[in-house]
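Quick notes on the structure that follows.
The values are calculated or read from the model by the stated rules, or taken from the named source; none is laboratory data. Computed from a predicted model, the values in this text were never measured in an experiment. Backbone-built Cβ (ideal geometry, glycine too); neighbour counts: all protein chains shown. The protein model used for the area step is the full one, side chains on, heavy atoms only, and it has no ligands, DNA or RNA in it. Shrake-Rupley method; radii C 1.70, N 1.55, O 1.52, S 1.80 Å.
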Amino acid sequence: MQQLLRASIGPDATAQVEADFAFHAALLDAAHNELLTRMATVIETGMRLRDRYTHGTLDDKAVDLHAKVLLAIRNKRPRAAHTAMAALIDQSIVDTASSAAAQSTDSTS
């Protein structure tokens, strides 16, 4: 989480992508779920592809959503963690669609 907070301060998209993946990789490791661990490479590929288009300005909202996931896990509140992760995924979908639309508009201008 600290890496994510530090990355959000600057405009370095690469640092933001790495911090985002490190956060999610830590969650996968903490789950102790062999299937998720084996899927980490596929998950990483998808996240890195998405992150190329959506990062560069990691905003407070994204950091807050990540923090809610972490807080729920730390407090051993699985439903809250599920809700927080669903909100993070939903925001990721919105961000990806917005970035794709903006890039489409830029390429047709």
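Give the accessible surface of the chain per residue, rounded to a whole number of Å², with probe radius 1.4 Å and ligands, DNA and RNA excluded. Can you show the working numbers first?
On the way: 7300 Å² over 109 residues.
Ligands and nucleic acids excluded, the result is 67 Å² per residue.
Could you calculate the contour length gain from N33 to K61, that is, 0.36 nm times the residue separation minus the distance between their Cα atoms, to one decimal place in nm?
7.2 nm
Specify the residue with the greatest mean-square fluctuation among M39, M85, M47, computed from a Gaussian network of the chain linking alpha-carbon atoms under 10 Å apart.
Looking only at M39, M85, M47, the biggest GNM fluctuation is shown by M39.
Treating the beta-carbon of each Lys and Arg as +1 and of each Asp and Glu as -1, no other charges, what is the dipole magnitude of the chain about its Cα centre, to the nearest 20 debye? Intermediate results must be reported in sequence, preceding the final value.
On the way: 11 positive and 13 negative charges, 95 e Å.
Roughly 460 debye for the chain.
Using only Cα atoms, tell me the angle between helix 78-108 and the longest principal axis of the chain; keep it within 0 to 90° and round to the nearest 10.
With rounding to tens, the tilt is 10 degrees.
In nanometres, what is the gap between the two model label sites at E44 and T105, each 7 Å from Cα along Cα-to-Cβ?
In this crude spin-label approximation the distance works out to 3.5 nm.
Answer with one residue from T54, A15, T37: the one whose Cα lies farthest towards the positive end of the charge dipole of the chain, charges on Cβ with Lys, Arg +1 and Asp, Glu -1.
T37
Which of H24, H32, H66 moves the most in a Gaussian network model of the chain with Cα springs under 10 Å?
H32
Leaving ligands, DNA and RNA out of it, report the carbon-plus-sulfur percent of the accessible area of the chain at a 1.4 Å probe.
Numbers: 4330 of 7300 Å².
Answer for the chain is 59 percent, counting heavy atoms of protein chains only.
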